[in-house]
Each structure stands twice: as structure tokens, then as C-alpha cells.
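**Q** Below are the C-alpha cells for one structure; questions will follow.
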Amino acid sequence: MEKSKIFCIGFHKTGTSSVKNALQRLGFTVTGPNGVQDVDIARNVYTMVDALVPQFDAFQDNPWPVLYRYLDEKYPGSKFILTVRSSESWIKSQLTHFGSRTTPMREWIYDVGCPKGNEDRYIKRYEDHSHTVREYFKDRPGDLLVLDLTKGDGWDRLCTFLKKEVPDEPFPHKNKSSSRKPKMKPNHPLVKKIKSLMQRAKRLM
């Protein structure tokens, strides 16, 4: 019997690399991100996805999150993992990692290729995605796992969801900004700007 597919549908910078490493440790083959630099990703994405799905057990990062409805219909019996974190920490990570750099993938997802100067748009897209995913699966709790690695979620919840034994080792944490640079102080200009943007984004919702 073919194994159920695992689709990680949290937006990038929500712990996707950590979950990828955890899934690999559990014996799954994982791919993603995919097609990030494809300038015609909107046209090619479904062909690419259907070619990749038979080759791997699990899928993470872009473009997988925005295709969850299609994936659920096309590959019944699949498991879905939504990684989340606070909007404030998420947009801060977006700015740190991507800044003013653009990709065709982010242009497709957010309608603009870089987070810098477009923070409100990015936050709204991120929050809308998390909300619609939870609503979509609200009557199917066995098919969706919501993980917040920043709050301590890890092996126990992941392994229970996937019916796997918990490894005798720490949960992998990749790309943690705290491991690369000191935490910014509350009065740092960037922190103040992010808080202001968060307040504006909430007023738009």
C-alpha cells in the first residue's frame, strides 16, 4: 500500500527547514522549496507538482502551502502540517532573510516580490493563509497538525500525528536567527517599525 503523502503547508520562515530535517530523521524523503526562480511559476506549478509528488514522501516550503486545496483533492488520504509563529516574528524574519530581494515565487504568492516596503501586504497574506487553512480542515482534525516550534512543539506532537516513535535526540532547529546574531532590543528602530506595521495590519483586517 502506498504511503500517505505529507504536505507541509506553513509559509516559509515558520520552521519549515526544521520540520524538513525532522521528517528526514523519521525516514521520509522530502523536497522543497521548488520552482522558486521559475518566472512562469503560475503556469507551470501544477505540472511541476504532479511530477514531484510520486518521487517523494513529504513536501515543504514554496509552492506547497498555497496549493493545499488542490493537493487535498488530488491526493486523498494525505497529511498536512501547518507551521506557524507570531506575525511579528515572522515578518521580522522575512525582512532579515529577504529584505528587498525578489523572486518570481514571492511575486506570485504576495503579488510583490520582496517584503521590504510591503510589510502590510505580507502580514495580511500570511495571516489569511493560516486562517483559511484552519477553517478548511476544522472538521478533519486528524488530517491537519498545527505546529508552533517557537512555543516548544516538536517530536511528541509530530510523531503522534504521523504514528512514529519519538527519536532519542533533540528536535532539529534550523535557521534560528538567535544563533546568528544578538536579539534586537525593544527600542531598536526595526522593532518599532514592525510593531507599527502590525498595528496597521490589524486595522485592515
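**Q** Restricting the stretch 158-177 to residues that are under 19 Å from the mean Cα position of the chain (by Cα) and farther than 20 Å from Lys3 by Cβ, which is modelled with the highest pLDDT?
**A** It comes out as Phe171.
Residues are listed down the side, and each one gets a yes or a no for (1) in contact (Cβ under 8 Å) with a residue 60 or more places away in the chain; (2) surrounded by 21 or more Cβ atoms within 10 Å (Cβ to Cβ); (3) within 23 Å of Lys5 (Cα to Cα):
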position: Ser86; (1), (2), (3): yes, no, no
position: Trp90; (1), (2), (3): yes, yes, no
position: Gln94; (1), (2), (3): yes, yes, no
position: Val112; (1), (2), (3): no, no, no
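**Q** Which number in (1) touching a residue at least 40 places away in the same chain (Cβ under 8 Å); (2) surrounded by fewer than 18 Cβ atoms within 10 Å (Cβ to Cβ) marks the one condition that Tyr68 misses?
**A** Failed condition: (2).
**Q** If you check every pair at least six apart or on different chains, which have Cβ atoms under 6 Å apart with a residue in the stretch 14-37 that is open to solvent by 50 Å² or more (accessible area, probe 1.4 Å) first and a residue that is among the β-branched types (Val, Ile, Thr) second?
**A** Qualifying pairs under 6 Å: Lys20/Val30; Gln24/Val30.
**Q** For the stretch 121-144, name all the residues that are out of contact with any Phe, Trp or Tyr (no Cβ under 6 Å at 6 or more places or on another chain), under 16 Å from Ser86 (Cβ atoms) and open to solvent by 10 Å² or more (accessible area, probe 1.4 Å).
**A** Those that are out of contact with any Phe, Trp or Tyr (no Cβ under 6 Å at 6 or more places or on another chain), under 16 Å from Ser86 (Cβ atoms) and open to solvent by 10 Å² or more (accessible area, probe 1.4 Å): Lys124, Glu127, Asp128, Ser130, His131, Arg134.
The values are calculated or read from the model by the stated rules, or taken from the named source; none is laboratory data. From a predicted model like this one, the values you see are computed outputs, not experimental measurements. Cβ coordinates were reconstructed from backbone atoms using ideal geometry, including for glycine residues, and neighbour counts include every protein chain displayed. Ligands, DNA and RNA are stripped out before the accessible areas are found, and what is left, the full protein with its side chains, is counted by its heavy atoms. Shrake-Rupley method; radii C 1.70, N 1.55, O 1.52, S 1.80 Å.
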